[in-house]
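J.: Got a structure for you, questions after.
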Amino acid sequence: MPAEALKCKECSTTYPLAASYVCERCFGPLEVAYRAPSSSADELKRRIQAGPDTLWRYADFLPVERVPRTSLPTGLTPLVRADRLAERLGLGELWIKNETANPTHSFKDRVVSIALARAVELGFDTVACASTGNLAGAVAAHAAYAGLPAYVFVPADLEPEKILSAGAYGAQIVAVRGNYDAVNRLCTEISGERERWAFVNVNVRPYYAEGSKTLAYETVEQLGWGLPDRVVAPIASGSLYTKVARGFDDFIAAGLVNGATPVMHGAQAEGCSPVAQAFAAGTDVCRPVKPDTIAKSLAIGNPADGPYATELARRTGGSIEAVNDDEIRAGIRLLAETTGIFTETAGGVTTATLAKLAERGEIGAGERVVVYITGDGLKTLDAVKGTIDVAEIEPRLEAFESTIGVTA
Ligand SMILES: [Zn+2]
């Protein structure tokens, strides 16, 4: 396989490609290291284009021995040209990567695809996760397709849409009385006790994280083997944000596209913005916070990849922004009204951040911007409740004419 080791992000100590996630020497996080592709760019491109219409077309850049036979088809989501939104914000070339089109309507299907494939290769027989919501549904659905038992651990106050859909796929839901950080701590403890359980974002996290790179691979391919100048992506743990940049770097290094890493902007909710706060303070140290925001899928108070996210934002000339709950609701509406894409609160955070950057004049008119919309609005309907104007009338023509007809 293209991967050659697990490697500590802090001290570069390498480990075998097993189910480990923390460096024994310095307690730094482990990530997958690859050998340089032995194929030419032309050959890689040919293999990608001849591959399946799923993220497995990028197998040359993924940490599995072989493409699994039982994998719920994921990826190749639409990259949508957003001219009306661009016009509204005074921007040039704007694209929306619409991740609501994945099987469980969020980008988490990508990371779970890779985690499950690797977990099966490593001999695990049960899958589990600590989830802020979207991951629960993805783990449950992919486990159902693969025929594996699944346990999903969520904060008890999660949106019911997310809990119920995960349950419908047959997973055992464990609602923990505590926030995500408490759920995550509990799962870390349980993973030490259950040797046959793969917690996708705990003991097989290095493989799981690689799934987010495919967002960048697809973007390049869908832009006709081109790069964005600028990217806006949400930050919860910081994993997606940093791995998207890594994805662009992989393709640049392999000679599949020419150019530099795009300017990377990260988006957080003010009610849980440890990474944005660290960025503003000019440090890589993210002080943990207690989340209080409607953007529950981004509500990680102690983000594992926070320091790498701030470093990436600085290195690429980007930034990490925070927007408040009203701006998030407005972001959801703005995206829906101009693109036909209804996103959950996380996408509201991302869209509001794009609007903020546009308003500040940070985005040049000639730039190509790609925005990652990571989850579906049907998962967080409460966020728009009370903001939609519904005209209720009697079933009579006069009633319509006197209520709506006068303005239509
Ligand atoms: Zn280390």
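J.: Could you please let me know if Thr293 is within 21 Å of the chain's Cα centre (by Cα), under 30 Å from Ser40 (Cα atoms) and of a type in the set (S, T, N, Q)? Write out each step before concluding.
T.: Numbers: within 21 Å of the chain's Cα centre (by Cα): yes; under 30 Å from Ser40 (Cα atoms): no; of a type in the set (S, T, N, Q): yes.
Spelling it out, it is not the case that Thr293 is within 21 Å of the chain's Cα centre (by Cα), under 30 Å from Ser40 (Cα atoms) and of a type in the set (S, T, N, Q).
J.: What single numbered condition from (1) part of a loop (DSSP other than H, G, I, E, B); (2) open to solvent by less than 10 Å² (accessible area, probe 1.4 Å); (3) aliphatic (A, V, I, L, M) fails to hold for Ile294?
T.: Just one mismatch for Ile294, condition (2).
J.: A further question follows. Exactly one condition in (1) within 20 Å of Ile235 (Cβ to Cβ); (2) touching a Gly at 6+ places or on another chain (Cβ under 7 Å); (3) of a type outside the set (A, V, I, L, M) is false for Gly366; which is it?
T.: Unmet condition: (1).
J.: So which of Ala355, Ala346, Ala365 is surrounded by fewer than 24 Cβ atoms within 10 Å (Cβ to Cβ) and assigned to a helix (DSSP H, G or I)? Walk me through how you get there before you give the answer.
T.: Details: Ala346 fails: surrounded by fewer than 24 Cβ atoms within 10 Å (Cβ to Cβ); Ala365 fails: assigned to a helix (DSSP H, G or I).
Exactly one residue qualifies, and that residue is Ala355.
J.: Going by what's in this entry, would Glu311 be described as modelled with pLDDT of 95 or more and surrounded by 18 or more Cβ atoms within 10 Å (Cβ to Cβ)?
T.: Values: modelled with pLDDT of 95 or more: yes; surrounded by 18 or more Cβ atoms within 10 Å (Cβ to Cβ): no.
It is false that Glu311 is modelled with pLDDT of 95 or more and surrounded by 18 or more Cβ atoms within 10 Å (Cβ to Cβ).
J.: Could you list, in sequence order, the residues of the range 271-291 that are in a loop (DSSP other than H, G, I, E, B) and either surrounded by fewer than 18 Cβ atoms within 10 Å (Cβ to Cβ) or in contact with a helix residue (DSSP H, G or I) (Cβ under 6 Å, 6 or more places away or on another chain) (or both)?
T.: Ala281, Gly282, Thr283, Asp284, Val285, Cys286, Arg287, Pro288, Val289, Lys290
J.: Assuming Ala309 fulfils every condition listed in (1) in contact (Cβ under 8 Å) with a residue 24 or more places away in the chain; (2) not in a helix (DSSP H, G or I); (3) not β-branched (Val, Ile, Thr) apart from one, which condition is it?
T.: (2)
J.: Check the range 41-54 and report whether any residue there is surrounded by fewer than 21 Cβ atoms within 10 Å (Cβ to Cβ) and on the phi > 0 side of the Ramachandran plot. Walk me through it before giving the result.
T.: Filtering the range 41-54 for residues surrounded by fewer than 21 Cβ atoms within 10 Å (Cβ to Cβ) gives 41-54.
From what is left, the residues that are on the phi > 0 side of the Ramachandran plot are none.
No: zero hits.
J.: Among the residues in the range 91-102, are any out of contact with any Lys or Arg (no Cβ under 6 Å at 6 or more places or on another chain) and farther than 25 Å from Ser297 by Cα?
T.: Within the range 91-102, one or more residues are out of contact with any Lys or Arg (no Cβ under 6 Å at 6 or more places or on another chain) and farther than 25 Å from Ser297 by Cα.
J.: Oh, and also: Being part of a helix (DSSP H, G or I), in contact with a Phe, Trp or Tyr (Cβ under 7 Å, 6 or more places away or on another chain) and of a type outside the set (Lys, Arg) is the requirement here; does Leu186 meet it?
T.: Working: part of a helix (DSSP H, G or I): yes; in contact with a Phe, Trp or Tyr (Cβ under 7 Å, 6 or more places away or on another chain): yes; of a type outside the set (Lys, Arg): yes.
Considered against the rule, which asks whether it is part of a helix (DSSP H, G or I), in contact with a Phe, Trp or Tyr (Cβ under 7 Å, 6 or more places away or on another chain) and of a type outside the set (Lys, Arg), Leu186 comes out as yes.
J.: What's the number of the condition Glu221 fails, among (1) open to solvent by less than 20 Å² (accessible area, probe 1.4 Å); (2) at pLDDT 95 or above; (3) assigned to a helix (DSSP H, G or I)?
T.: (1)
J.: Another question, then. Taking the options Arg177, Arg196, name whichever one is farther than 24 Å from Ile300 by Cα and either touching a residue at least 12 places away in the same chain (Cβ under 8 Å) or in contact with an Asp or Glu (Cβ under 8 Å, 6 or more places away or on another chain) (or both).
T.: Details: Arg177 fails: farther than 24 Å from Ile300 by Cα.
Answer to the selection: Arg196.
J.: Right, here's the next one. Determine if the range 170-181 includes at least one residue that is closer than 25 Å to Val64 by Cα and either more than 14 Å from the chain's Cα centre (by Cα) or small (Gly, Ala, Ser) (or both). Don't jump to the end; show me each part of the working.
T.: The initial filter retains those residues of the range 170-181 that are closer than 25 Å to Val64 by Cα, namely 171.
Narrowing further to those that are either more than 14 Å from the chain's Cα centre (by Cα) or small (Gly, Ala, Ser) (or both): 171.
Scanning the range 170-181 turns up at least one residue that is closer than 25 Å to Val64 by Cα and either more than 14 Å from the chain's Cα centre (by Cα) or small (Gly, Ala, Ser) (or both).
J.: Identify all residues within the range 224-256 that are among the hydrophobic types (A, V, I, L, M, F, W, C), part of a loop (DSSP other than H, G, I, E, B) and crowded, with 19+ Cβ neighbours inside 10 Å; write none if there are none.
T.: From the range 224-256, those among the hydrophobic types (A, V, I, L, M, F, W, C) are 225, 227, 231-233, 235-236, 240, 244-245, 248, 251-254, 256; that's our starting set.
Checking which are part of a loop (DSSP other than H, G, I, E, B) leaves us with 225, 227, 235-236, 254, 256.
Leu227, Ile235, Ala236, Leu256 - these are the residues of the range 224-256 that are among the hydrophobic types (A, V, I, L, M, F, W, C), part of a loop (DSSP other than H, G, I, E, B) and crowded, with 19+ Cβ neighbours inside 10 Å.
J.: I've got another one for you. Would you be able to tell me the number of residues in the range 17-40 that are under 27 Å from Leu312 (Cα atoms) and loosely packed, with under 15 Cβ neighbours inside 10 Å? Explain how you work it out, then say what you get.
T.: Initial filter on the range 17-40 (under 27 Å from Leu312 (Cα atoms)): 17, 19-37.
So of that shortlist, the ones also loosely packed, with under 15 Cβ neighbours inside 10 Å come out as 24-27, 35-36.
Counting residues in the range 17-40 that are under 27 Å from Leu312 (Cα atoms) and loosely packed, with under 15 Cβ neighbours inside 10 Å gives 6.
J.: Please find, within the range 165-183, the residue that is most open to solvent (accessible area, probe 1.4 Å) out of those that are under 20 Å from Ala146 (Cα atoms) and in a helix (DSSP H, G or I). Can you show your working first?
T.: First, pick out the residues of the range 165-183 that are under 20 Å from Ala146 (Cα atoms): 165-173.
So of that shortlist, the ones also in a helix (DSSP H, G or I) come out as 165-168.
On the way: Ser165: 45, Ala166: 1, Gly167: 32, Ala168: 86 Å².
Top of the filtered list is Ala168.
J.: Right, next: Residue check, Val67 against (1) open to solvent by 20 Å² or more (accessible area, probe 1.4 Å); (2) farther than 17 Å from Gly211 by Cβ, all met but one. Which one?
T.: If we test Val67 against (1) open to solvent by 20 Å² or more (accessible area, probe 1.4 Å); (2) farther than 17 Å from Gly211 by Cβ, just (2) comes out false.
The values are calculated or read from the model by the stated rules, or taken from the named source; none is laboratory data. Owing to the predicted nature of the structure, the values given are computational and were not obtained by experimental measurement. Please note: Cβ atoms are built from the backbone with ideal geometry, for glycine as well, and neighbour counts cover all protein chains shown. Side chains included, ligands, DNA and RNA excluded: accessible areas come from the protein's heavy atoms. Shrake-Rupley method; radii C 1.70, N 1.55, O 1.52, S 1.80 Å.
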